[in-house]
């Protein structure tokens with residue numbers, strides 16, 4: 001990120017990162033009680049001022065995403081986060097036995113509908129894909145991308161109509177085993193609202209390491225309601241009436257139904 005990570009608890013440190021100009025115009029990391037933002041030169045002063053007024057717990061929240069975006073949206077950059085990031089090595093990894101997941105061939109990857117498996121990287125970016133087929137239909141998929149520093153990131157998706165059947169855990173297990181066989185460290189991220197996926201990560205031995213706030217070019221996007229339930233079969237209820245929901249939120253249409 002272009003600077004040492006703070007050694008002591010403090011308000012967020014904001015630094016200029018010219019190399020963030022195109023790929024990641026804003027990138028913030030919160031680890032324990034320390035926070036760092038690497039941003040464009042012109043945003044250092046206003047984000048430093050915001051960080052001085054807002055506790056890092058709030059800065060790394062949906063509230064923070066809104067207020068940071070007020071600074072960046074004029075330049076076409078929207079803030080997304082916070083996103084918890086997880087990691088595992090041989091000492092923590094706990095694979096699920098009996099998985100039927102297989103490594104996909106290039107021909108199989110070419111046939112993948114990435115509008116369904118949209119958290120997975122395509123053939124140009126991934127170094128490997130693993131999947132589970134049910135009656136010749138792909139129902140779960142992972143991708144593995146090399147993030148450098150001997151860290152391999154796993155992206156994972158399960159077909160919407162077969163969720164909560166254990167396919168995600170099974171395909172993650174085989175993928176994680178393969179990553180460790182390459183001598184690399186497993187890395188993955190999952191949003192706070194995606195409760196089932198977060199549970200799956202932790203069951204397989206991934207441990208929470210830090211959270212990120214990141215900027216990207218395009219419209220401002222908001223997270224959905226939480227997925228899953230505290231316990232199987234439990235009814236859950238909206239705290240607020242439907243008429244109080246944010247009517248300004250537009251449906252995402254680029255991924256289809």
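The values are calculated or read from the model by the stated rules, or taken from the named source; none is laboratory data. This structure is a prediction, so every number in the text was calculated from the model and none was measured. Every residue, glycine among them, receives a Cβ derived from its backbone with ideal geometry; neighbour counts consider all protein chains shown.
If we keep just the residues of segment 183-197 that are part of a helix (DSSP H, G or I) and in contact with a strand residue (DSSP E or B) (Cβ under 7 Å, 6 or more places away or on another chain), which is surrounded by the fewest Cβ atoms within 10 Å (Cβ to Cβ)? If we take residues in segment 183-197 being part of a helix (DSSP H, G or I) and in contact with a strand residue (DSSP E or B) (Cβ under 7 Å, 6 or more places away or on another chain), then 195 is surrounded by the fewest Cβ atoms within 10 Å (Cβ to Cβ). The one condition from (1) in contact (Cβ under 8 Å) with a residue 12 or more places away in the chain; (2) within 29 Å of residue 72 (Cβ to Cβ) that residue 176 does not meet is (2).
Regarding residue 215, is this residue touching a helix residue (DSSP H, G or I) at 6+ places or on another chain (Cβ under 7 Å) and assigned by TED's automatic domain parsing to the domain that holds residue 70?
On the way: touching a helix residue (DSSP H, G or I) at 6+ places or on another chain (Cβ under 7 Å): yes; assigned by TED's automatic domain parsing to the domain that holds residue 70: yes.
Against the criterion (touching a helix residue (DSSP H, G or I) at 6+ places or on another chain (Cβ under 7 Å) and assigned by TED's automatic domain parsing to the domain that holds residue 70), residue 215 qualifies.
If you scan segment 208-257, which residues turn out to be in a strand (DSSP E or B), surrounded by 14 or more Cβ atoms within 10 Å (Cβ to Cβ) and in contact (Cβ under 8 Å) with a residue 40 or more places away in the chain? Don't jump to the end; show me each part of the working.
Filtering segment 208-257 down to residues in a strand (DSSP E or B) leaves 208-217, 227.
Now narrow it down to the ones that are surrounded by 14 or more Cβ atoms within 10 Å (Cβ to Cβ): 209-216, 227.
Within segment 208-257, 209, 210, 211, 212, 213, 214, 215, 216 meet the criteria.
Among the conditions (1) farther than 22 Å from residue 92 by Cβ; (2) surrounded by fewer than 17 Cβ atoms within 10 Å (Cβ to Cβ); (3) touching a strand residue (DSSP E or B) at 6+ places or on another chain (Cβ under 6 Å), residue 158 misses just one, which is (2). Count of segment 141-158 residues, restricted to those that are modelled with pLDDT under 95 and in contact with a helix residue (DSSP H, G or I) (Cβ under 7 Å, 6 or more places away or on another chain), is 1.
Total residues in segment 19-54 satisfying the condition of being in contact with a helix residue (DSSP H, G or I) (Cβ under 7 Å, 6 or more places away or on another chain) and modelled with pLDDT under 90: the figure is 0. If the condition is being touching a strand residue (DSSP E or B) at 6+ places or on another chain (Cβ under 9 Å), farther than 16 Å from residue 181 by Cα and surrounded by fewer than 20 Cβ atoms within 10 Å (Cβ to Cβ), then segment 139-148 contributes only 147.
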